[in-house]
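The values are calculated or read from the model by the stated rules, or taken from the named source; none is laboratory data. Keep in mind the model is a prediction, meaning the values are calculated, not measured. Counting neighbours? That spans all protein chains shown, and the Cβs are built from the backbone with ideal geometry, glycine included. We work out accessible area using only protein heavy atoms, side chains counted, and drop any ligands, DNA or RNA first. Shrake-Rupley method; radii C 1.70, N 1.55, O 1.52, S 1.80 Å.
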Amino acid sequence: ELFTIFGKGGIVLWCFQEGAQFFTEGINNLIKDVVLQGRGDVTQFKHDDMTIKFKLDNEFDLVFIVVYQSIIQLSYADKLVSDVGLRFRDLYKNVLENKNLVYQQGSKCFKTFGAEFEKIMESNMRSALSANQTTRVPKTFQESAKSQKTVESMIISRPGGKDDGKKKKEKEAEMKKKKIAPTESPAESNGSEVPSIPGSPKSDDDEIMAARAALMKKMKKGGAASKGAGDKKSPLMEEPKKKGKEARVWGLNGKKADMGSLDYSSPATKEGGDGGEENTFVIEQRVFVGKSAALEDLRHESESEEEEEEVIEAKAQSSGGWFSAFKGLVGNKKLNADDIAPLLEKMKENLILKNVAAEPADKICQSVAKKLDGKVISTFSRVNSEVKEAVRESLTQLLTPRRRVDILRDVAHAKGEDRPYVIVFCGVNGVGKSTNLAKITFWLNENGHKVLIAAGDTFRAGAVEQLRTHTKHLNALHPNSVQLFEQGYGKDAAELAKAAISIAHERKIDVVLVDTAGRMQDNEPLMRALSKLIRMNKPDLTLFVGEALVGNEAVDQLVKFNQALADHTSPGETPLLIDGMVLTKFDTIDDKVGAAISMTYITGQPIVFVGCGQTYKDLRNLNVSAVVNAILK
C-alpha cells in the first residue's frame, strides 16, 4: 500500500504511494510509540487492519517503512525493506553525507529512485512466487523401486521341485552349523594341529578352528608349567584378604591406649594425670562448638556474600567503569548485533549493580543496541560519547513521565469546585508512609493550604499516636494549618476516609491526606480492603510509597498493587490505579538509584516526591539528570 523513506529529522526523502493520506495516523503512532521511544526490540507495528514494517539506519539516520494490509501474508516484506535500504544507501551515499543538501533539497535529490524501487519489488515478488509454486516432478523408471527387481527374483518355482529341494538342504546345513557347539575336536584334544590339504584354499571356518587349536595348546603348556613349580598361585591370581575390624583408638595422639590407662578407678588416675585433664578439655570443647555451629555458619555465609558483592564492585571499578568494554568496537567497519551483544551483557550487569531491575535493564540494553547498530566508529573517544549518549537518551525516556502531576495546580482547581483535594498513600510495611505524609503536609502548608490528615492506619500499634505527634509539631510551625481525623484502632479504613472527606468539605479544608496501613503485595484480604477504600472515595491522586533501597522487589510490589486495584474494580467501572510514586530513603543509596528507573518503567507514572532526610524540609522533586549521571558513573 505504501513505501516511504524519511529521515529522523522528519523530512520525507522518497515515497511510493497509492493513497498515503489513509496511513498518516498509523505512521505518526509508529514514530511516537516506537521510533521516539527507542524500542530496539520492535520491527513491526500494527495499526487498525494495517501492518507496518520498518528498518532504522543509524549511520545516516534514516527510516524505511512498508505498509500493507494485515490480512495479506506478505512473506517478502522484510527482505524488501532490507534490499531497498541497501540500494538507497549505495546510490545516494554522497548525497546523504551532505546533511545541509538533504535538508535544503529534500525529496528532489532522490527523484530517480522510483525505477530502482520497481526493479527491487519485482525481483522480490518473483522470488516469493517461485518459492511458493514448487511443482512436484515424477520419478523416472531408473529411480523407481520396480527397476531394481530382476527377472530371477520374479520367477516362482513349483513346490516340491528341484530348486525347492536344494533350498531346503541349504537351510538344513546352515541350521546344523549354528547348532554345533564350539567344542574341542579330536585333533585338538591330542595336542596336534588340524591338518590342512596343501594347495587347497582355506575357508574362514578352517582358519578359526586352527587358531582355536593353537590357543588351547598354549593354555595346556602354561598349566603344566605352573603345576611343576609347586602349584604356587601367582600374585595376580591371589584373592585379597578381607580386613578385620580394627581396634578402637582412644588416645588423642593416634596411638592405641592400653587397658590400664582406661581404668579410672585406680588412684593414679584419680590424682589428676595428664590424660584425664586432656580428655575433659576435649569434651567441653566439643559441646561448645556444637551449640554455636549454626551461628558460625550464618556469620560465615553473610561474610561470603558481602565479599562477593565487594569483588563484583571492585571488578566493575577496576575495569574502567561502564565504557572500557566498548574499546573493542573501535574500527572502520559497521557495528552489528554480534559485535555489540557481549558488551551489552556487561552493561546489563552494571545496571543491575545500580539496583535497576532485570526487565528495565534489558529494555535499556535493547535500546542502546538499536541506536548503535550500523554505526561506524573510528576512535575510542567517539565510542565513549556515542554509547553515553545512547544510554542517556534511553534513561531519560524511561524517567520522563507520560503525564505531568502538578499538585498545586490541581488543588487550586478542586478549590474552585468547592471540594477538598484527596490524596491516598499506600505501600508495604516500613517504607515511611506516615513520615513522608507529614513532609508533604509541611510542603502544602508552606504553599498556603490547610490540610486534614485521616488516620486510616487502624491496624499498627502507635500509628495514630505518631500522626498526633506530627500534627502537634506541624501546627507549631504553621498554626492552625493541620487537623487530624481519627477514630482509634480496629475501624474500617474506607468508612473513616469517607467521613474525613465529608468533614473537610464542611470545614472548607483544601487537602485531605489519607494514611493507610502497610501491607504486603501478596496479602489478598488487605489488598481487597485497600481497593475498597480507593473505589469508595475516588481520590484525586493515589501515591505508592516505596523505598529507594529495593531493586527487583519494587517491580513485584508495583505490579501486584496495580493488579489488585484492577481485579477488585466493579464491572463497567474504570479501575483507579496508582497515579504516582513517592521514593523514600533516597539519601541512603549513594549512586544505586536504579529503583527510580524500575518503578517508572513498570507503571509509566511519575515519581512525584523524593524523601531524602529526617526533617520536614527534606522533600525534593526527582532530578532526572542527576539520576542519569549516577547511573553513568
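Per residue, segment 336-490 exposes an accessible area of 45 Å² to a 1.4 Å probe, with every protein chain left in place.
What a 1.4 Å probe finds exposed on segment 469-556 is 52% carbon and sulfur by accessible area, rounded to a whole percent. Surface composition of segment 354-461: carbon plus sulfur atoms contribute 49% of the solvent-accessible area (1.4 Å probe, protein chains only, all chains present). Rounded to the nearest Hz, the phi-derived 3J(HN,Hα) couplings of segment 494-508 under the Karplus curve 6.51 cos²θ - 1.76 cosθ + 1.60 (θ = phi - 60°) are 5, 5, 4, 5, 4, 5, 5, 5, 5, 5, 4, 5, 5, 8, 6, where x marks glycine and proline.
Take each peptide in 434-440, 9-15, count the other Cβ atoms within 10 Å of every residue, and average; sorted highest first, the result is 434-440, 9-15.
Report, by chain and number, residues whose modeled amide H sits under 5 Å from the one on Ile52, excluding near sequence neighbours (fewer than 5 apart, same chain). For Ile52, whose amide H was placed from the backbone, the distant partners under 5 Å are Phe45, Lys46, His47. With θ taken as phi - 60° and the Karplus curve 6.51 cos²θ - 1.76 cosθ + 1.60 applied, the whole-hertz 3J(HN,Hα) list for segment 526-540 is 5, 5, 5, 5, 5, 4, 5, 4, 6, 5, 6, 9, 6, x, 6 Hz, x standing for glycine and proline. Accessible area per residue was computed with a 1.4 Å probe on protein heavy atoms; Thr469 scores about 70 Å². Sorting Asp579, Asp587 by accessible area puts them as Asp587, Asp579; the probe is 1.4 Å, largest comes first, and only protein heavy atoms count.
Along segment 429-443 the Karplus relation, 6.51 cos²θ - 1.76 cosθ + 1.60 evaluated at θ = phi - 60°, assigns HN-Hα couplings of 5, x, 8, x, 5, 5, 5, 6, 4, 5, 5, 5, 4, 4, 5 Hz to successive residues, with x for each Gly and Pro. Solvent-accessible area of Lys348, all protein chains in place: 50 Å² (probe radius 1.4 Å, heavy atoms, ligands and nucleic acids excluded).
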